[in-house]
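*Asks:* Following this message is one structure expressed as structure tokens.
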Amino acid sequence: MTTTDPPAPDTGATGTPDTPDTPDTIGTTDTTGATGTVANRTDPPPPSAPARARRAFRRWRRTRPFWAALWIALGGFVIFFLPMAPLGKILQVGVGGIAGMAGGVVIMAMALLVLALPGQRHTAGTIAVIAGVASFPLSNLGGLFVGMALSVLGGAMAFGWLPEKPAKRRGRLLRRARATDGTPGSPASVGSGSA
């Protein structure tokens with residue numbers, strides 16, 4: 001019996017064997033386990049309860065004028081509690097002290113209204129501004145100007161808050177780009193008609 005040697009691989013010009021039928025495996029490692037899944041991949045851990053609560057609060061806060069309500073409530077708190085005194089002092093002050101405290105209560109109620117019903121923010125913001133300015137003569141110069149300023153600031157923020165961002169003007173820019181590229185877009189206007 002004669003034995004034949006297997007043919008030697010063709011080294012080509014570089015001196016390395018050419019094996020076109022097998023993929024290049026130099027420097028690669030097998031990352032599959034016994035079941036055929038990737039062993040190095042791990043799923044991220046689920047967020048903790050405080051992280052989920054913070055995300056839920058952030059989503060809720062973005063659907064209403066939260067910061068405006070906060071400023072209104074702080075202004076009402078200052079106006080309400082600054083003239084607070086023992087009952088004997090309030091009775092000596094008379095109706096002026098009670099009117100100042102009532103203004104603070106109205107302002108804090110408007111802060112709650114802004115949070116609970118964002119659709120009524122214009123009305124609540126206007127009432128907060130009017131009650132804040134009215135607290136100037138009624139309640140120790142509007143809570144020594146601090147409560148009045150916070151109420152006016154919060155009422156203005158509530159009035160100006162928008163529930164969503166305005167739409168971007170990308171459509172207008174795309175129409176201009178199509179018109180200059182020669183791509184059919186909107187018809188060009190000629191005189192009083194269109195072409």
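*Asks:* How do the helices (runs of 4 or more DSSP H) wholly within the stretch 91-149 filter down when requiring 1 or more residues that are in contact with a Leu (Cβ under 9 Å, 6 or more places away or on another chain) and at pLDDT 90 or above: which remain?
*Replies:* On the way: elements: 95-116, 121-138, 140-144.
Helices (runs of 4 or more DSSP H) meeting the threshold: 95-116, 121-138.
*Asks:* Being touching a Pro at 6+ places or on another chain (Cβ under 8 Å), modelled with pLDDT under 75 and open to solvent by less than 40 Å² (accessible area, probe 1.4 Å) is the requirement here; does Gly171 meet it? Break it down stepwise before answering.
*Replies:* On the way: touching a Pro at 6+ places or on another chain (Cβ under 8 Å): no; modelled with pLDDT under 75: yes; open to solvent by less than 40 Å² (accessible area, probe 1.4 Å): yes.
Spelling it out, it is not the case that Gly171 is touching a Pro at 6+ places or on another chain (Cβ under 8 Å), modelled with pLDDT under 75 and open to solvent by less than 40 Å² (accessible area, probe 1.4 Å).
*Asks:* I've got another one for you. Would you please list the contacts, defined by Cβ atoms under 7 Å and residues six or more apart or on different chains, that run from a residue in the stretch 131-143 that is at positive phi to a residue that is open to solvent by less than 20 Å² (accessible area, probe 1.4 Å) and assigned to a helix (DSSP H, G or I)?
*Replies:* That search, which allows pairs on different chains as well, returns Asn140/Gly100; Gly142/Ile79; Gly142/Gly132; Gly142/Ser135; Gly143/Ile79; Gly143/Ser135.
*Asks:* Can you tell me which residues in the stretch 110-125 are more than 14 Å from Ala149 (Cα to Cα) and touching a residue at least 12 places away in the same chain (Cβ under 8 Å)?
*Replies:* Answer for the stretch 110-125, where residues must be more than 14 Å from Ala149 (Cα to Cα) and touching a residue at least 12 places away in the same chain (Cβ under 8 Å): Met110, Ala111, Leu112, Val114, Leu115, Pro118, Arg121, His122, Ala124.
*Asks:* Quickly run through the stretch 112-134 and pick out the residues that are under 23 Å from Glu164 (Cβ atoms), open to solvent by 30 Å² or more (accessible area, probe 1.4 Å) and of a type in the set (Gly, Ala, Ser).
*Replies:* Ala116, Gly119
The values are calculated or read from the model by the stated rules, or taken from the named source; none is laboratory data. This one's a predicted model, so the numbers in the text were calculated from it and none came from an experiment. Note that each Cβ is placed from the backbone with ideal geometry, even for glycine, and that neighbours are counted across all protein chains shown. These area figures cover heavy atoms from the full protein model, side chains too; ligands, DNA and RNA do not enter into them. Shrake-Rupley method; radii C 1.70, N 1.55, O 1.52, S 1.80 Å.
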